[in-house]
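A.B. asks: One structure is given below, represented as structure tokens, and several questions about it will come after.
The values are calculated or read from the model by the stated rules, or taken from the named source; none is laboratory data. All of these numbers come straight from a predicted model, not from anything done at the bench. When we count neighbours, we look across all protein chains shown, and the Cβ atoms used for this are built from the backbone with ideal geometry, even at glycine. Ligands, DNA and RNA are excluded from the accessible area calculation, which covers all protein heavy atoms including side chains. Shrake-Rupley method; radii C 1.70, N 1.55, O 1.52, S 1.80 Å.
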Amino acid sequence: PSVLRFVVRSAAKNEDGKTHAHAGEFSTYLHVLPSELEIYIAQVLTDAQEKQGVSPSAFSLIIQECIEEIEYGGVLFTRSPRGGCEMVVEYNRGEGVGVVHGSHVVRESWYGAGEYATHTPRVRVRLPQFRTLQAYGSALERLYAFPQDIEWIYRKGKYAILQTRPITSITDGNWQGIQLGDAVRAKEPTRY
């Protein structure tokens, strides 16, 4: 039997918000053995204290079971971080940590708008069962009523959502414009 391993990562309330995010800024440790948890917890807290100047009591972290045998990992932006209406997918083979930190990124898709994304002729996504990931993204955007930056993995034929946060580069005004554009596109006839 394989040994249970963990991920130790930051999860502070002030880490991500609607107007700012610190994705990839703080340390994340993968494949941590149970006997190493105390060491890596201390390292994440020290890193946060050095980078944000907060005391460890004002910062929090998450300890998650490490998922092994990941086929793909990445980020799904339910809308372009540049303020466009299209979904954007960035990923790589294996764990998606490189995507979050900006290295080893494959940008496969500027995929279309929200629920109408399946109608765009520019689809180049090669991820398996991509429409399932797209549906998760659309559902999370509806749930939080704002465009989402979603970390995900694909393993053994299934997607798993690791976390979601607002896309901080999109303002409330941008979001209103995107929603208006969606409403107009919803009334247009489908083009293939």
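A.B. asks: With a 1.4 Å probe and all protein chains left in place, how much of the accessible area of region 27-87 comes from carbon and sulfur atoms, in whole percent?
C.D. replies: The nonpolar share, carbon plus sulfur, comes to 51 percent.
A.B. asks: What does the highest-first list of 32-40, 165-173, 132-140 look like by mean Cβ count within 10 Å?
C.D. replies: Highest-to-lowest ranking by the protection proxy: 132-140, 165-173, 32-40.
A.B. asks: Subtracting the Cα-Cα distance from 0.36 nm times the residue separation, let me have the gained length for VAL184 to GLU69 in nm, one decimal.
C.D. replies: Values: separation 115, 0.36 × 115 = 41.40 nm, distance 4.24 nm.
The span from VAL184 to GLU69 would gain 37.2 nm if fully extended.
A.B. asks: Length gain on complete extension for the stretch SER2 to ARG131, per 0.36 nm per residue less the alpha carbon to alpha carbon distance?
C.D. replies: Residue separation times 0.36 nm, minus the Cα-Cα distance, leaves 43.2 nm.
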